[in-house]
Amino acid sequence: AEALYIMTKANSSRYEFIFTNLSQIMEQPRLIASVLNTFKAYSATKLYRDLHLRGALLTNKQLRLLPMEQLCSQVNGVWNLSSDQGNLGTLHVTNVRVVWHANMNESFNISLPYLQVAAIKTRESKFGTALVIETTDRSGGYVLGFKVDPLERLQHVYKELSSLLKVHKAKPIMGVDVFLQKQVMDEEAVPQDTGPELPDEPEVNVADGTHYDAFAAYLADGTHDRDRDVVLSPELGLAVEKLPEGFTLASLWEVLPPSS
């Protein structure tokens, strides 16, 4: 049977996991295909989750938008304060991330998804009031500073980013649409439980011309309202209930018809 092999690496250690569905061997190919498709989708959506530096983010000086990504605003003349002199560039604000790139060198850029943003605030710096974006510890715990002039535009960008971050935290965009399918079984295909199957009742042959089934007729005689009188049976020497008219003890003992 096919098996699912998963190779992993944690720090300097490597691990190998093997999974086999022995209870449902026919479902094994579907399981492997599901894992592979999920891994491909995860690998193709890293820009939605991870901070990237110096990536191929632009085409003809325009931001390459991801699936489900919408450009909210493009702010020109934004200084990146990562160095003492600062670098002049352009800030792209989308519903998924914040992208900044230098105007003189587009490969000098940063793509920061809201998933890795810890806080957005304004702070005083040696360049004046600056827009500050703090990243999560998972992405390195960076503190990024941007200079936006004039102050009114800085406040507008700050409010826009804060609002988009709040919306993204409530409903993050991960780059993958998930559809949950509820399996509905065909009612006609579901076997109905009608209880244990009972054997067919044998037909009682009351009179066939040669043999009279007195035992069956006696059992079927349940029309009396009260018990019959008790009489002495000479054949048994015991007190028994008086037999109905037409019945004898000998005929009641003959459960099987006499052989012809």
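Among the conditions (1) of a type in the set (A, V, I, L, M); (2) at pLDDT 80 or above; (3) more than 30 Å from Ser82 (Cβ to Cβ), Val184 misses just one, which is (2).
Apart from one condition, Asn60 fits all of (1) on the phi > 0 side of the Ramachandran plot; (2) touching a residue at least 60 places away in the same chain (Cβ under 8 Å); (3) not aliphatic (A, V, I, L, M); the exception is (2). Across the range 52-93, the number of residues qualifying as within 37 Å of the chain's Cα centre (by Cα), hydrophobic (A, V, I, L, M, F, W, C) and assigned to a loop (DSSP other than H, G, I, E, B) comes to 5. Which one is nearest to Leu165 (Cα to Cα), of the residues in the range 1-50 that are out of contact with any Ser or Thr (no Cβ under 9 Å at 6 or more places or on another chain), assigned to a strand (DSSP E or B) and modelled with pLDDT under 90? Selected residue: Ala10.
Of all the residues that make up the range 63-105, how many are polar (S, T, N, Q), free of Cβ contacts under 8 Å to residues at least 12 places away in the same chain and either within 25 Å of Lys46 (Cα to Cα) or touching a Gly at 6+ places or on another chain (Cβ under 6 Å) (or both)?
Summing the residues that are polar (S, T, N, Q), free of Cβ contacts under 8 Å to residues at least 12 places away in the same chain and either within 25 Å of Lys46 (Cα to Cα) or touching a Gly at 6+ places or on another chain (Cβ under 6 Å) (or both) in the range 63-105 gives 1.
The values are calculated or read from the model by the stated rules, or taken from the named source; none is laboratory data. For clarity, every value in this text was computed on a predicted model and none was experimentally measured. All Cβ positions, glycine included, derive from the backbone under ideal geometry; neighbour counts span all protein chains shown.
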